[in-house]
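Written below as C-alpha cells is the structure these notes are about.
The values are calculated or read from the model by the stated rules, or taken from the named source; none is laboratory data. As the structure is a prediction and not an experimental result, all values here were calculated from the model. With ideal geometry, Cβ positions are generated from the backbone for all residues, glycine too; neighbour counts draw on all protein chains shown. Heads up: the accessible areas ignore ligands, DNA and RNA and are worked out on the full protein's heavy atoms, side chains in. Shrake-Rupley method; radii C 1.70, N 1.55, O 1.52, S 1.80 Å.
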Amino acid sequence: ARVQYNYEGRYMLSAAIRTDGSSRFGKNNRWGYFPSASAAWRISDEKFFKNVKELSFVNDMKIRASYGELGNENIGEYQYMASMNRNNMTYSFGNSLVTGSAVSTFVNNDIAWEKKKTTNVGIDLAMFNNRLEFTAEWYKNKSEDLLYSVPVPAQTGVSNTFVTMNAASMENSGFEFSATYRNRDHALKYDISANV
C-alpha cells in the first residue's frame, strides 16, 4: 500500500507499507511488515526565494528525508523444521529387532525475517542555469536480526553442526557528496561527475 502527496511541486510526502510472507519461516514468524516514509521540500519554489532565482545563481534547491525497512529471507528451505534419519543401531521392540531413527538436525523454530532499516537526509542543489548540480546526504543503515549459522556443540548428538538464528546486528553510517557539471552550450556536449 502506498500514499503520495504533492503540493505544487514544493511539498512532497510519501508513505508505504510492504507485507511479505515466506514459507522459509515457521507459522509464528511467516509474515514481515516493512514500512517506509519520505518527505521533501523544494525551497527554490517558495516566494521568498524568487530573488535568488532571478540572479541565476541557484536554480533549484530541495531538502529531503526518508526512512524505510526491508526484509531478507535467504536462508534456504525448511530451516525451522527438524528432520529424522535412520541410524545403524537396532533396538529391541517387543520380540523383534528394529532399526531406529533419531533427530538429525538441531533447529530454531523462532527464526524470523532479517530487517534492514535505512535513514537518509539530504540536500539537492542546481546552480548556474543547471550547469552545476550538487548533492549532499547523511545516511544510516542498521541491519537487525541477521540470520546467522551458529555452531552447535558435537555433544548434542545431531549430525548438523550449525543452527540458523537471528543472532547478529550491524550498523554503518556516513556522508556522501556528489557533484556534476554539464556543458550543453557547445557542439561538444559532456558531463563530468565526481563523488566521495
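Of all residues in region 139-158, one or more are touching a residue at least 24 places away in the same chain (Cβ under 8 Å), part of a loop (DSSP other than H, G, I, E, B) and open to solvent by less than 40 Å² (accessible area, probe 1.4 Å). For region 77-87, check the following and say yes or no: at least one residue is at pLDDT 85 or above and surrounded by 14 or more Cβ atoms within 10 Å (Cβ to Cβ). Checked against the condition, which is being at pLDDT 85 or above and surrounded by 14 or more Cβ atoms within 10 Å (Cβ to Cβ), region 77-87 yields no hits at all. Screening 178, 173 for residues that are over 30 Å from residue 79 (Cα atoms), open to solvent by less than 80 Å² (accessible area, probe 1.4 Å) and out of contact with any Ser or Thr (no Cβ under 7 Å at 6 or more places or on another chain) leaves exactly one candidate, 173.
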